[in-house]
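Enquirer: Got a structure here, written out as structure tokens. Questions coming.
The values are calculated or read from the model by the stated rules, or taken from the named source; none is laboratory data. All of these numbers come straight from a predicted model, not from anything done at the bench. Cβ placement follows ideal geometry from the backbone for every residue including glycine, while neighbour counts extend to all protein chains displayed.
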Amino acid sequence: MSREITDNPAENRYEIREDGVLAGFAEYRAEPDTLVFTHTEVDGAFEGKGVGGALARGALDDVRSRGLKVRPLCPFIRSWIEKHPDYRGLVA
């Protein structure tokens with residue numbers, strides 16, 4: 001099974017695909033030097049398979065590589081960051 005996480009700036013969201021099928025997304029609002037994560041959703045067919053965690057990690061790794069910060073208004077992203085202290089430095 002292949003898993004791909006990409007930024008889709010036209011839709012203001014990160015997307016995760018499993019074998020080419022959209023499995024979930026994390027919506028954001030872009031602000032200067034910060035992405036504000038507002039909502040994360042995983043398709044029911046993919047729940048319980050680590051898709052949400054992989055999406056959070058991939059999105060936050062991309063944010064870090066771009067030198068940006070995050071404001072996690074989305075409860076899922078906020079909770080994920082709390083469980084992974086090495087990502088707390090990204091919070092604006």
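Enquirer: Could you pull out the residue among Gly48, Gly53 that is under 17 Å from Ser79 (Cβ atoms) and at pLDDT below 95?
Expert: Numbers: Gly53 fails: at pLDDT below 95.
It is Gly48.
Enquirer: So which of Lys69, Lys49, Lys83 ends up being within 25 Å of Met1 (Cα to Cα) and basic (Lys, Arg)? Step through it out loud before you land on a result.
Expert: Working: Lys69 fails: within 25 Å of Met1 (Cα to Cα); Lys83 fails: within 25 Å of Met1 (Cα to Cα).
Criteria check complete, one pass: Lys49.
Enquirer: Out of curiosity, is Asp7 in contact with a Ser or Thr (Cβ under 7 Å, 6 or more places away or on another chain) and without any contact (Cβ under 8 Å) to a residue 60 or more places away in the chain?
Expert: Values: in contact with a Ser or Thr (Cβ under 7 Å, 6 or more places away or on another chain): no; without any contact (Cβ under 8 Å) to a residue 60 or more places away in the chain: yes.
No; evaluated as a whole, the condition is false for this residue.
Enquirer: Let me ask something else. How many of the residues in the stretch 1-46 are under 14 Å from the mean Cα position of the chain (by Cα), of a type in the set (Asp, Glu) and loosely packed, with under 14 Cβ neighbours inside 10 Å?
Expert: 2
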